[in-house]
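Reviewing the structure listed below.
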Number of protein chains: 2
Amino acid sequence: MGWDDTIVALATAPGVAAIGVIRLSGRRSFEIINQLFHSKDLHKQPSHTIHVGFLREGDIVLDEAVVSLFRGPRSYTGEDVVEISAHGSPFVQQQIIDACIKYGARLAKPGEFTQRAFLNGKLDLAQAEAVADLISSNTSASQKAALHTMRGGFSQKLKELREQLLKFSALIELELDFSQEDVEFADRKQLQKLITELSFSTDQLINSFQLGNVIKNGVSVAIIGKPNAGKSTLLNTLLNENRAIVSEIAGTTRDTIEEIINIDGILFRLIDTAGIRQHSSDLIEKEGMKRSFEKMRTADLILYLFDVANEPATEVKERISEFREQELKYLIVANKIDAMNEAEVRLAYAGIDNIVFISAKEKRHTEVLNERMIDMVLAGQIQTESTVVTNARHYHALKEVSTSLNDIKQGMDNKIPGDLLALDIRRCLHYLGEITGEVSNEDMLDYIFSKFCIGK
Amino acid sequence: MGWDDTIVALATAPGVAAIGVIRLSGRRSFEIINQLFHSKDLHKQPSHTIHVGFLREGDIVLDEAVVSLFRGPRSYTGEDVVEISAHGSPFVQQQIIDACIKYGARLAKPGEFTQRAFLNGKLDLAQAEAVADLISSNTSASQKAALHTMRGGFSQKLKELREQLLKFSALIELELDFSQEDVEFADRKQLQKLITELSFSTDQLINSFQLGNVIKNGVSVAIIGKPNAGKSTLLNTLLNENRAIVSEIAGTTRDTIEEIINIDGILFRLIDTAGIRQHSSDLIEKEGMKRSFEKMRTADLILYLFDVANEPATEVKERISEFREQELKYLIVANKIDAMNEAEVRLAYAGIDNIVFISAKEKRHTEVLNERMIDMVLAGQIQTESTVVTNARHYHALKEVSTSLNDIKQGMDNKIPGDLLALDIRRCLHYLGEITGEVSNEDMLDYIFSKFCIGK
């Protein structure tokens, strides 16, 4: 495989810094750098070596730079790659990029280096997508999930599923060639067993998506409760105890988010509950709470905060039944235990599940709250090196895989003819292949890589 | 020379990008990277080679990275240097830096890599300072001046001056050893000739500072004139015709600047003349103009704009005499020639020097204005590859050199004894040496390098 054009882009973040790296990839990479780098013929230098010298455009010295050479296929893209480590002046970098363009390169599109890596078979589509996830990762959990996929963990699992199914597909296709003879090469019992196994694995992956999504995008948390339950104090305590994340994650809209915190590598996005926090006193309280719930339905987790001096167990239980009715994940937070005898308080609310007793003001037991929040999210699902689906595209493809597996199962139960069964199996293989890119089309690839940064 | 500690820092601009480069320098660089990089022993790899692999902190995979090895003294700092090209996630980069620190590195101070390069004799002080200038360069003129100094052009010139003077110094010191015998080893006539030559070169360098400063920091330009002379239109025309620079140059205060444009590689900072532009009609006009002049005294260049239909030559000449009185550099801009016969207009203002006739509205002859602005600044001073002083520290040291040269000259005229002459020569040598760092002290170095970015 190969393209005629050579691409160039700044690979490091823009801005004044010590250095900036410009990346060239394509057939003419070495030819282009040789036009700028005069002190030796880089064509003759071995791969994976580094050369220091001045870059010149005609008589004009552009920079003193460090040039790294990677010969295809032993490079990121699989093509000849040259990395120019220039001084960190955006002006100087632009001049070097302009000179590369003058000598035949063109500016790379977003993700085009990784797209070429995929098209050259250096990594599969799921791995390529994990590169973008790694770059935007900002917790150890998202970093771990991205690296696991990048290293092929996810792809390996899918490949195993696909290969087993392929074998059966081949046998069934063979049957079709001998259709007049009514033979069965593919053992239906074994196929049934395989489909069951596949369904189990697929469902496991599909279920991991919720966790995967949490890892990638964080957990949205709504802190709700009556006025004076201590919501602002709790918010401040959570922010102080956990590292607050200031930066935005690229590509996620979060106009409603107020604060982001990191507890044990999981991001919690504390949703703006301004409308709920400030009940004006002339609103009927219950009506106000109802509205809060409506607004909070989109949250992944609700922290229901109440003041132990002001809200009896019966009232809290009412809230809980409302949460359950609406299938909301909740954690009940009994606040202001500092004002009373803790043992008595605990007794008063005995029998209520998912409850934590704290004093937000005195920071008592707030570490228990942190732990419970993490527990609520993980619910025992995270195991080391387990495969977690973090990508919405993969999730939707897996859903299609699941549907076609069901169709195969039903088809076999109804003893449908081999040619119809083969169609369902092919559909299942198609969606499995779409995830890792064994099946792909240009539009899909363009869409996926357009979300990358330029230079990657 | 050597330091016990190994330093680490992010060398690329912070922010999400394709890649980010982390730099290690010091005795333990290879030992530290070996703790993270397990797939081969990097200690055994040759210098200037590149290695791809996973970085691990214990069991945890941090990233897949490209590691470049530079063995001292063949490195930027002269020490063992390792550059880690990591994925462009600030979170991942921080983890790698933290791991390096865990294994014995410490965070580098601003400019510490370049400071080590200087202390290890990889570049002299003037060259080191030019690295920072190159990084903050944002025009081809500033880039060229920085690269010229970086490549040793400036240092070479100083070294020549210094070596000649050193010879005489040695001879005069020798005379002191034989002071009772009243011999003259150092030919006073030759010394006189040398001092004259040195003074000429030094004064040339000192004079180049104004130009150097213009190249480095730009030219401040005030556009002044009566209301309705067309100042806003001219400003817009200049901005449209020339590339407007949006970014700020680090380290310069410019709260009064409104717009920055680049004409032929020279930056022009168009100073905010809001106070001058909007004369309220109830102010006596002359008083208003006087205030404007006061405010504009700090500008490098004044563009005095007038409407040819409203300001006769006599009035313009009055303005000019005021400019001259205050020793201001000015360019007279006769505007709105589109409304009249151009030849007649030119005749009406004949005899006025430094005048350009334009129509800002119709963009007529504005290219002439651009050229004249450049001419005003360069005044024939820029020659290819000529040495230009751009650094205030160098300028002040050169001033001291000039003073001590004068003292030597006067001393010789007054036939002062050799030991006094030797003192003046030593003083002169001291200041020459301070520029290139042959003479330096820790405070001075700390001050110089503290202005660098971290990672350089």
Quick P(r) readout (segment B:63-221; Cα-Cα; 10 Å bins; whole %) gives 9, 22, 24, 20, 14, 7, 3, 0
A chain fully extended from A:Q164 to A:K451 at 0.36 nm per residue, minus the present Cα-Cα distance, gains in nm 100.0 nm
Quick note on A:C453, B:C428, A:C100, ordering by fewest other C-beta atoms within 10 Å, gives A:C453, B:C428, A:C100
Residues B:M340, B:M150 in order from fewest to most other beta-carbon atoms within 10 Å are B:M340, B:M150
For B:I352, inter-copy label-point distances (7 Å, Cα→Cβ), nm, shortest first, read 8.6
Each label sits 7 Å from Cα toward the beta-carbon; between B:H430 and A:N441 the label points are separated, in nm, by 8.1
Relative contact order of segment A:7-122 (C-alpha contacts under 8 Å, at least 6 apart) in percent is 32
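Provide a whole-number value for the mean count of partner chain Cβ atoms within 10 Å of the Cβ atoms in peptide A:449-455.
On the way: counts 0, 0, 0, 1, 6, 2, 4.
Whole-number average of other-chain Cβ neighbours for A:449-455 is 2.
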One computes Rg over Rh for chain B from alpha-carbon atoms, with the Kirkwood Rh, and obtains 1.10
Sorted by chain and number, the residues with a modelled amide H under 5 Å from that of A:L123, at a separation of 5 or more or across chains, are A:F118
Going residue by residue through segment A:413-427, the Karplus relation 6.51 cos²θ - 1.76 cosθ + 1.60 with θ = phi - 60° gives ³J(HN,Hα) values, rounded to whole Hz and with x marking Gly or Pro, of 4, 8, 6, 6, x, x, 5, 6, 4, 4, 4, 5, 5, 4, 5
Segment A:7-122: Kirkwood hydrodynamic radius (Cα pairs, Å) comes out at 14.0
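Provide the convex hull volume over Cα atoms per residue for segment B:303-456, in Å³. Intermediate results must be reported in sequence, preceding the final value.
Details: hull volume 34.7 nm³, N = 154.
Spelled out: Cα convex hull of segment B:303-456, divided by residues, is 225 Å³.
Work out the count of Lys pairs in segment A:7-122 where the Cα-Cα distance is under 26 Å, with the pair 8 or more places apart or on different chains. Don't skip to the end; give the middle numbers.
Details: A:K40/A:K102; A:K44/A:K102; A:K44/A:K122; A:K109/A:K122.
The number of close lysine pairs in segment A:7-122 is 4.
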Rounded to the nearest 10 degrees, the helix A:285-296 long axis (Cα) sits at an angle to the longest Cα principal axis of chain A of 20
Label model pair A:K399, B:Q94: point-to-point distance (7 angstrom along the Cα→beta-carbon line) in nm is 3.4
Sorted shortest first, the nm distances from the B:I101 label point (7 Å along Cα→Cβ) to its counterparts in the other copies are 4.0
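Determine, for B:D419, B:D424, the number of other Cβ atoms within 10 Å of each Cβ, and report the residues in order from fewest to most. Intermediate values should be presented prior to the final figure.
Working: B:D419 12, B:D424 21.
So the ranking, lowest neighbour count to highest, is B:D419, B:D424.
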So the angle from the long Cα axis of helix B:90-102 to the longest Cα principal axis of chain B, reported in degrees to the nearest 10, equals 40
Packing-ranked peptide list from B:330-336, A:353-359, highest mean Cβ count within 10 angstrom first, is B:330-336, A:353-359
Note: B:45-52 gets an average of partner chain Cβ contacts (10 Å, Cβ to Cβ) equal to 4
Computed ³J(HN,Hα) along segment A:211-226: with the Karplus parameters 6.51/-1.76/1.60, θ = phi - 60°, integer Hz and x for glycine or proline, the list is 5, x, 5, 5, 5, 7, 10, x, 9, 8, 10, 10, 9, 10, x, 5
Straight-line reach check, A:K363, cutoff 17 Å on alpha carbons, 8 or more apart in-chain or any other chain, hits among lysines -> A:K231, A:K336
Here the correct list, in nm and shortest first, of distances from B:R56 to the same site in the other copies, label points 7 Å along Cα→Cβ, is 4.8
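From the P(r) of segment B:41-88, could you give the percentage of C-alpha pairs in the tail past 13 Å?
Values: 654 of 1128 pairs.
When all Cα pairs of segment B:41-88 are counted, 58 percent exceed 13 Å.
Highest mean first, how do B:108-116, A:318-326 rank when packing is the count of other Cβ atoms within 10 Å averaged over residues?
On the way: B:108-116: 22.9, A:318-326: 14.1.
Answer by packing, highest mean first, reads B:108-116, A:318-326.
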So the FRET efficiency between A:S199 and A:N341, C-beta based with R0 = 56 Å and rounded to 0.05, is 0.55
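What translational D, rounded to a whole number of µm²/s, comes out for the protein assembly as shown from Stokes-Einstein when the hydrodynamic radius is the Kirkwood one over Cα pairs, at 20 °C and 1.002 mPa s? It would help to have the intermediate numbers written out before the result.
Values: Rh = 33.8 Å.
So the translational diffusion coefficient is about 63 µm²/s.
With r defined as the distance between the Cβ atoms of B:D177 and B:K329 and R0 fixed at 51 Å, what FRET efficiency is calculated, to the nearest 0.05?
Working: r = 53 Å, r/R0 = 1.05.
My answer for the efficiency is 0.45.
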So the angle from the long Cα axis of helix B:125-135 to the longest Cα principal axis of chain B, reported in degrees to the nearest 10, equals 70
Mean other chain Cβ within 10 Å across A:91-97 is 3
For B:K399, counting only aspartates and glutamates whose alpha-carbon sits under 15 Å away and dropping same-chain residues fewer than eight positions off, the answer is B:D203, B:D407, B:D424, B:E434
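Every read-out reported here was derived from the displayed coordinates using simple, explicitly stated rules and does not represent laboratory data. None of the values given here were measured: they were computed from a predicted structure. When we count neighbours, we look across all protein chains shown, and the Cβ atoms used for this are built from the backbone with ideal geometry, even at glycine.
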